[in-house]
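S.K.: Quick one: this structure, given as structure tokens, is what I'll be asking you about.
Bear in mind that the values in this text are calculations on the coordinates, not laboratory data. Given the structure is predicted, the values throughout are model-derived calculations rather than measurements. FYI the Cβ positions are ideal-geometry reconstructions off the backbone, even for glycines, and counts take in every protein chain you see.
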Amino acid sequence: MNHAVSRSDLLSQAKRKRIWHYYWKHRYLSLLFVPAILYYVIFQYLPTYGVLIAFKDYQFRQGIWNSPWIGFRHFQHLFELESFWQVFRNTIVLSVYKLIFGFPAPIVLAILFNEVRHSLFKKFVQTLSYLPHFLSWVVVAGLFVQFLSPSIGPVNLLLRLVGLDPIYFLGSTDWFRFTMVTTDIWKSVGWGTIIYLASLASINPELYEAAEVDGSNRFQNMFYITLPSLTPVITIMFIFAVGQIVNDDFDQIFNLYNPAVYEVGDVLSTYTYRRGLVELDYSFAAAVGLVKNVLAFLLIVITNAVSRRVNEYGLW
Amino acid sequence: MAARKKRSIGELTFEYLNYTVLIFTSLAMVYPFLFLLSLSITPSEFTTVSLNLMPKGFTWNNYEQVFNNEYILFGFANTLLRTAIGTVATLFVTVCTAYVLSKRYYPNRTFWTMFVVFTMFFGGGLIPNYLLVKELGLMNTVWALVLPGLINTFQMIIARNFFLSLPESIEESARIDGANDLRILFSIVLPVSMPIVATLTLWTAVHHWNAWFDSMIYMQSGDKQVLQVVLRRIVLEGSDTMMDLSSDMEHVSRESVKAATIIVTTLPIICFYPFLQKHFVKGVMIGSLKG
């Protein structure tokens, strides 16, 4: 027994030596790798350690380690808080709306692009539709604040011309979610088509030719060739979109919301920001952030498992 | 395409409908910009509401106002600085990391790949990241804007896949001549990797140009903020200090100055747009093939 232990000890020691030998052998590669290790340890793994403050009563003076432990008290408090549940509901509702209306939009647009025979026109529209993707939400928010403004915005002018009352798109709880969904579609629909266009381009043109010989018309082609060819991509994209349901779009909401619409527009990330960095309740905000991260992580694991079963394809 | 039969009425209707929808889409994409452009050159006495994009008067005063605003000039300088430093640093570290992880013979490669990929799915979140930057003493320095996002793991993996796709043979002769890995990377592999380097550069530069949240939380004084934050203060928060309206300016209205500020911030992106667009689309293709 004794003998065996020391033997395996020796073996693993030798193995360890060999590993270091390999790192030394490729020392220039190791040198190139040092910045990455430092980066990931400091800026990716250390913050994960910082999550501990969600279980502590964090005092800046005492630092993360020396602040007193308080266990799950923040979480208990959190789950009893009406405002948390409201924010949670808002996040899910908004994501579901975006999924229902925003998800099909690029698919439809990609199919429309695909049906255009005039290639210059197609290129032109595509190029224009990609543009918003390159702008920050600060710029886009600024754009829409003026564009939708009840006083100077053309949208409300149009409404007034046809005899309707002006709409406070960003200030009314009835319209805020609608505005979030439409501005999100405006910003991302064009860019979203790219992945579908790529898979449309890989459809074998012989399929269409054969179908035409058999007397199939354009609509039949669309429904029986184009759409089925897109199904695998659509399935994958849908599954991953579902996996993102607790990940709200901080940049969009933060730049467009205001206290008048918190009731419907405040979401997990904006709530975390305000509780943490405005009200300086670090521990509580870290707890909210942790709940969100754990949910997001679970959702990704689940949707990935579903994806593997449905498509035999997953992220890992 | 094969010779086409006579088109049916249904198909023709669809054709017209499709063109109409797409023309409407294009209009929806550019109309807001044209509206702002028009607003930004309109003198204050004419800033009434109109659907007509043709401004009734013309003035450069709004733009003059923007370029006389020192916060905006500081903002430009700060944005340029972070974009320059951030892009160079990110490019260098990303290429090095991707190259190492592309070498099948590098020890514990699978472990290191998982070590890196795990961070794509779980992170500390806003508060721990903020406290980290604070405790490292990076507040109010450009490093707070560069270091926390130094490597974008997804993009690094794309670069790694690119290196993996290069044939081994291009390195072999150099290796026989006794060149070390550093020389091989920088004088043999990199020159043939310009497509991926260009794509990474543009991704990173656009990211830095558009970034604002980190500056907003890590920079504590107005003259340290990046352009996007200055824009946010002026346009979204309506901050008078930041708008810096000088009293002697005539023909200037707040709404027009806001519009001019948005245009000025967006212009650099629009100028490089055709070029950016091409490379970004290519990037999505590379990503989706391997992802």
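S.K.: For the range A:230-316, which GluC sites (Glu not before Pro) are both in a DSSP coil and crowded by at most 12 other Cβ atoms within 10 Å?
M.R.: Working: sites: A:Glu263, A:Glu279, A:Glu312; in loops: A:Glu279, A:Glu312.
Here the GluC sites (Glu not before Pro) that fit, given the DSSP loop and packing criteria, are A:Glu279, A:Glu312.
S.K.: Still on this structure, I have one more. Counting only Cα atoms, I'd like the Rg/Rh figure for the range A:219-316, Kirkwood definition for Rh. Display every interim value, and only then the final one.
M.R.: Working: Rg = 18.6 Å, Rh = 16.0 Å.
The Rg/Rh ratio comes out at 1.16.
S.K.: GNM on chain A, C-alpha springs below 10 Å: top fluctuator among A:Gln126, A:Gln13, A:Gln76?
M.R.: Looking only at A:Gln126, A:Gln13, A:Gln76, the largest GNM fluctuation is found for A:Gln13.
S.K.: Separate question: Under the rule a/c < 1.5 gives rounded, and otherwise a/b versus b/c splits prolate from oblate, where does the range A:2-66 land using the Cα gyration tensor? Before the final figure, lay out each step's value.
M.R.: Details: a/c = 5.02, a/b = 1.66, b/c = 3.03.
Since a/c reaches 1.5 but b/c is at least a/b, the shape of the range A:2-66 is classed as oblate.
S.K.: Still on this structure, I have one more. About the Cα centre of the range A:203-316, what is the dipole size in debye to 20, counting +1 per Lys and Arg Cβ and -1 per Asp and Glu Cβ, all else neutral?
M.R.: Numbers: 6 positive and 12 negative charges, 78 e Å.
Its charge dipole is roughly 380 debye.
S.K.: Counting just the Cα atoms, what span does the range A:42-200 cover along each of its three principal axes? Round to the nearest Å and put the largest first.
M.R.: In descending order, the Cα extents are 67, 44, 27 Å.
S.K.: Hey, another quick one. With θ taken as phi - 60° and the coefficients 6.51, -1.76 and 1.60, list the Karplus ³J(HN,Hα) couplings across the range A:291-303 in order, rounded to whole Hz; mark glycine and proline as x.
M.R.: Calculated HN-Hα couplings, in order: 4, 5, 5, 5, 4, 4, 5, 4, 4, 5, 4, 5, 5 Hz.
S.K.: Any idea what log10 I(q)/I(0) is at q = 0.16, 0.17, 0.24, 0.25 Å⁻¹ for the range B:155-242, Debye with uniform C-alpha scatterers and no solvent?
M.R.: Taking Cα atoms of the range B:155-242 as identical point scatterers yields -0.73, -0.77, -1.13, -1.18.
S.K.: Quick check: pseudo-label points 7 Å beyond the Cα along Cα→Cβ at B:Lys278 and A:Asn66, how many nm apart are they?
M.R.: Each label point lies 7 Å from its Cα, and together they span 5.9 nm.
S.K.: While we're looking at this one, here's another question. Among the complete DSSP H segments of chain B, which ones combine at least 27 Å of alpha-carbon extent along their axis with a mean Kyte-Doolittle hydropathy of -1.0 or more? Present the calculation step by step, with values, prior to reporting the outcome.
M.R.: Numbers: long enough: B:9-40 (46 Å, 1.31); B:70-101 (45 Å, 1.37); B:254-290 (49 Å, 0.75).
Span-like helices here: B:9-40, B:70-101, B:254-290.
S.K.: What stretch of chain A, leaving out the sites themselves, is the longest with no trypsin sites (Lys or Arg not before Pro) in a DSSP loop having at most 15 other Cβ atoms within 10 Å?
M.R.: No qualifying site falls inside A:118-316, the longest such stretch.
S.K.: While we're on this one: Please compute the Kirkwood hydrodynamic radius over the range B:70-243, one decimal place, Å, based on all pairs of different Cα atoms.
M.R.: 18.2 Å
S.K.: What's the magnitude of the charge dipole for the range A:80-311 around its Cα centre, counting Lys and Arg as +1 and Asp and Glu as -1 at the beta-carbon? Answer in Debye, nearest 20.
M.R.: Values: 14 positive and 17 negative charges, 65 e Å.
Roughly 320 debye for the range A:80-311.
S.K.: Please report, for the Cα atoms of the range B:54-162, the Rg to one decimal and the Dmax as a whole number; what are they, in angstrom?
M.R.: 20.5, 70
S.K.: Return the single residue from A:Asp248, A:Asp214, A:Asp174 with maximal mean-square fluctuation; model: Gaussian network over chain A, springs between Cα atoms under 10 Å.
M.R.: In this elastic network of chain A, the residue with the biggest mean-square fluctuation among A:Asp248, A:Asp214, A:Asp174 is A:Asp214.
S.K.: Give me the distance between the Cα centres of the range A:49-79 and the range A:142-157, rounded to whole Å.
M.R.: The two parts, judged by their Cα centres, are 44 Å apart.
S.K.: Convex hull over the alpha-carbon atoms of the protein assembly as shown: what's its volume per residue in Å³?
M.R.: Numbers: hull volume 130.8 nm³, N = 607.
Residue-normalised Cα hull volume stands at 216 Å³.
S.K.: Sticking to Cα atoms, compute the Rg of the range B:203-280 to one decimal and its Dmax as the biggest Cα-Cα distance, whole number, in Å.
M.R.: 14.6, 45
S.K.: Also, quick follow-up: If you count, for every residue in A:212-219, the Cβ atoms of partner chains within 10 Å of its Cβ, what is the mean?
M.R.: Details: counts 5, 1, 0, 1, 0, 6, 6, 4.
That works out to 3 on average.
S.K.: Shielding of B:201-212 by partners, i.e. mean partner chain Cβ atoms within 10 Å per residue?
M.R.: Values: counts 0, 0, 0, 0, 0, 4, 1, 0, 3, 7, 3, 7.
Whole-number average of other-chain Cβ neighbours for B:201-212 is 2.
S.K.: Answer with one residue from A:Gly192, A:Gly265, A:Val162: the one whose Cα lies farthest towards the positive end of the charge dipole of the protein assembly as shown, charges on Cβ with Lys, Arg +1 and Asp, Glu -1.
M.R.: Of the candidates, A:Gly192 comes out farthest on the positive side.
S.K.: Tell me which residues come under 5 Å, amide H to amide H, from A:Lys56 once H is placed; ignore anything under 5 positions away on its chain.
M.R.: It is A:Ile70, by chain and number.
S.K.: Explain nothing, just the number: relative contact order of chain A, from Cα pairs under 8 Å at least 6 residues apart, as a whole percent. Walk me through the numbers on the way to the answer.
M.R.: Working: 276 pairs, mean separation 74.2, N = 316.
Computed value for chain A: 23 percent relative contact order.
S.K.: Considering every Cα-Cα pair within chain A, what fraction, in whole percent, is farther apart than 30 Å?
M.R.: Details: 28289 of 49770 pairs.
For chain A, the share of Cα pairs beyond 30 Å comes to 57 percent.
S.K.: If you place +1 on the Cβ of every Lys and Arg, -1 on the Cβ of every Asp and Glu, and leave all else neutral, what size is the dipole of chain B about its Cα centre, to the nearest 20 Debye? Walk me through the numbers on the way to the answer.
M.R.: Numbers: 21 positive and 19 negative charges, 271 e Å.
Once rounded to the nearest 20, the dipole reads 1300 debye.
S.K.: Within a 10 angstrom radius of each residue's Cβ in B:93-102, how many Cβ atoms of other chains show up on average? Whole number is fine. Please list the in-between numbers first.
M.R.: Numbers: counts 6, 2, 1, 7, 8, 2, 3, 9, 3, 0.
What the average comes to for B:93-102 is 4.
S.K.: So what is the 222 nm mean residue ellipticity for chain A from helices alone, if each DSSP H run of at least 4 adds -39500 (n - 2.57) and you divide by all residues, rounding to the nearest 500 deg cm²/dmol? Walk me through the intermediate numbers first.
M.R.: Working: 18 runs with 216 residues, N = 316.
Per the formula, -21000 deg cm²/dmol.
S.K.: Just from its helices, what would the mean residue ellipticity at 222 nm be for chain B, if runs of 4 or more DSSP H residues each count -39500 (n - 2.57) and the sum is divided by every residue, rounded to the nearest 500 deg cm²/dmol?
M.R.: Values: 13 runs with 185 residues, N = 291.
The per-residue figure over chain B is -20500 deg cm²/dmol.
S.K.: Using the C-alpha gyration tensor of chain B, what are the square roots of 5 times its eigenvalues, in whole angstrom, with the largest one first? Don't jump to the answer; show the numbers that get you there.
M.R.: Working: eigenvalues 362, 205, 56 Å².
Over the Cα atoms of chain B, the ellipsoid semi-axes are 43, 32, 17 Å.
S.K.: Can you give the longest run of chain B that contains no GluC sites (Glu not before Pro) sitting in a DSSP loop with at most 12 other Cβ atoms inside 10 Å?
M.R.: That would be B:1-167.
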